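The values are calculated or read from the model by the stated rules, or taken from the named source; none is laboratory data. Since the structure is predicted, the reported quantities are computational estimates derived from the model, not experimental observations. Using ideal geometry, Cβ is built from the backbone for each residue, glycine included, and neighbour counts are taken over all protein chains shown. When the accessible area is computed, the model is the full protein with side chains, heavy atoms only, and any ligands, DNA or RNA have been set aside. Shrake-Rupley method; radii C 1.70, N 1.55, O 1.52, S 1.80 Å.
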Amino acid sequence: MPLDAEFTEAGVVRKISYVPMKDGTRIAYISYHLKSGPAPAVFLYSPYTASAAAFEIAKPFLEAGYAFVGANFPATGCSEGIIDYWMDRKEGIYGAEVVEWIAQQPWSDGNVGMIGNSSAGTVLFWVAAEQPSHLRAIVGTGVEDGYEDCWHLGGMHQHDITAGWSLNAEFVSQVSGAEDRIRAGDTECAAIRGSDRQVVKRQFFDEARKHPLKNEWWESIYLARDEVAGKVNIPTMLIASWQDDYGSGAVRESARVFTQLMPNVEHKKLVLMNGDHFIGGPGPTSYSLVDDERMRFLDRWVKGVENGIEHELPVAVYWDVTQPDGDPKKSVAGWVTRHETWPEPKVERCPYYLTADARIWPAKLGASPNDGSRPYLYPAGSELYGSNQQFAIQPYEEGVLNYRTAAAVSDMTLLGNPEITLYLSIDHGDDADLELTLKDVDPEGNILFLQSGLLRASLRSIDEKRTYSDEVVQSFRKSEKLVPGEIYEVRMSLLAPVAHVVRQGHSLELTIGAPNPIPHPHIGSIPAGGPSINRVYHSERYPSKIVLPVLPGAVAHAPAPECGMQRGQPCRKGTQFVAGGLPIR
C-alpha cells in the first residue's frame, strides 16, 4: 500500500550485509523494507554504489509498497568475487542467485523485479538469461554495451567511454560506495577490499584496447544476441534517449533487442524520448516521465496490479521533453505517440541529395551545374556537442562541409534513423574518420543538435544480415584501407534514430567533419589516417545523399521548446549559414 507524505527512513528497516553464493562468494547488499509485512521487491544491481544505495534511491519504491535491495557486482564495491574482467558472465549468475535469495526473505512476498540504468541496465539481461524462477519483470534504461553500440562507436576506440568509465568506476564510484558502507557500520568491507577474495584479473580498459576490430571476444560480452537477450522470457521494458551521451547506442541497441531478440517475451515495451544518459536514474537525475513509466510496469508485472498497461501499444515516443526550472521531476513532453512496433511501418524513407552548392535537395541530380566535389581539410574540423558551451564554438570552417535544406513549407516529422551515403576520396594517408551532425535551424538562425554519426571509412563494409530498414550495420571485422585518389561509397546510419518535427520555416543542416579526442561529453577519438584534402562528390554518378525517415501527415502538437533547454540537445543561437570547405576546386 502506498505510504503517506510523512513517510521517513525511521519507518523502514535497513540492513547492510552479504548474500552467500553457492560457490562461497559473498555479494554485498543493502536492503530497505517496510515493517508492515511481506512485499514485492525491487532489485538494483550494479558495479558502482548499489550496495550502499541511499534511502533517497529506495524511497519512491518503498512509498509504492515495495521492498528495495541494492547489491554490487562480484569483485566491485564490497562484494567478493574472482573474475577475469568486468562484463564477466558471473555477474549474471550471481545476480540470479541474489534474486532467489530475496524471494526467500521473510519481508519478501516472493515477487522480484529488477531495474537499472547503464551498466545496471545491461546486467538485467544477463541475470534474466539465467531465468531465476522468482524474477517477474525487468526495466532497463540506458542499456548499451558491445563494440559498435558503446566502446568502439563507428569502429573508433572511444577513450573517455572505455578509460573514463572503467577507471572512474573502479577507482572512484565503487570506492565511494565501499566507504559509505564502512561509515554505515560494515565491519567486513575493509578486509575484503584488495584481498584475494576480491580479484579482477584484467582491467576492462586493457582488454578493450587489445581488440580494435569486432571479434569473438566482443561477441562474448554482448547482450544483444540469442545467447543472452534471446533467453529472456519475462516482461521487459526498455527506456532510452535519442541523445544518450555515451554514444546514443542505447536507443539503437534497445530497439534491436526489442524487435529482433526477444521472441519469447509476450509483454514488452519500448519507451523512447529526447534526453541524455541519465534520464533513467533511479534518483534525482531521472525524468518523472521515466519514473512513472517504470513504476506502472513494475506494478503490473511484479505487484500484479490490473492497470491495463498490457492493452497499450508497446512502443511509446515522448516528443520534445523539457524539464521546467531545470527539475527532472517536473519533466513534461510536448506530446506522446504510441506505436504497434518499431520502426513505425508508416514511415516513408525519402532521399534528399547533397549538392556541390551546399544544399540538401529533394530531387536526384542529373548533369547540372550542381555536379562536382567539395573539398575539406582533414582532420581539422569537428563539431563538439557535449554542452551548450561546447556547441557555441563553431567548427573550423575549412575542416567541415555543411549542407542545408530550404525552409520547410509545412511541418516535416522525422521518426527513425536517417541513412547517409557519401562518395568520398582522400589525397593522402590510408583512412578517414567521419563524424556527422544533424541539426534543426529555426528562422532566427538558432541551431539545435539532433543527432550525430560516426564511421571509420576503412570499416565501411556492411553486415547485410543485421542491416534492416532503420539501421545500416557495419561488420567491423576487417579493415579495408583507402587509396588516395580513389572514390569510395560510404553508407552509414547515424548513431541513433530521432523523433523530431522540422517545423514550418525551419531547415535541416548536415555537417561532415572529423572526430575529436576532446570528449563531447563522452564521445571522443583520435582520427585515423593522415592530413589530407578529402572530397565529397555530388553527381548523377556519385549521388551523395541523406535518406530521411518521414512520418507522412504528422505535425507538431506543441510549440518548439526554447533554444538550449533540452537535455542532451545543445543549441547555438543566432548564426549565419557557413558552407565550409576549402576554396579550391
When region 186-264 is reduced to its Cα atoms, the Kirkwood hydrodynamic radius in Å: 15.8
Packing-based order for 465-472, 162-169, 479-486, using average beta carbon neighbours within 10 Å, highest first: 162-169, 465-472, 479-486
Partners for LYS573 among aspartates and glutamates (Cα-Cα distance below 17 Å; same-chain residues under 8 apart left out): GLU383, ASP440, ASP442, GLU444, GLU509, GLU562
Three principal axis lengths of region 81-142 [C-alpha, angstrom, descending]: 34, 27, 17
Exposure rank, largest accessible area first [LYS364, LYS269; 1.4 Å]: LYS364, LYS269
Area projected by the alpha carbon convex hull of region 423-479, averaged over all directions, nm²: 5.9
Globularity ratio of region 310-381, using Cα Rg and 2.2 N^0.38 Å: 1.86
Relative intensity, log₁₀ I(q)/I(0), of region 1-140 from a Debye sum that treats every alpha carbon as a point, q = 0.16 Å⁻¹: -0.74
Over 21 Å (Cα to Cα) - which of LYS201/LYS231; LYS59/LYS329; LYS329/LYS439; LYS201/LYS478; LYS15/LYS59; LYS90/LYS303 fall in this group: LYS201/LYS231; LYS329/LYS439; LYS201/LYS478; LYS90/LYS303
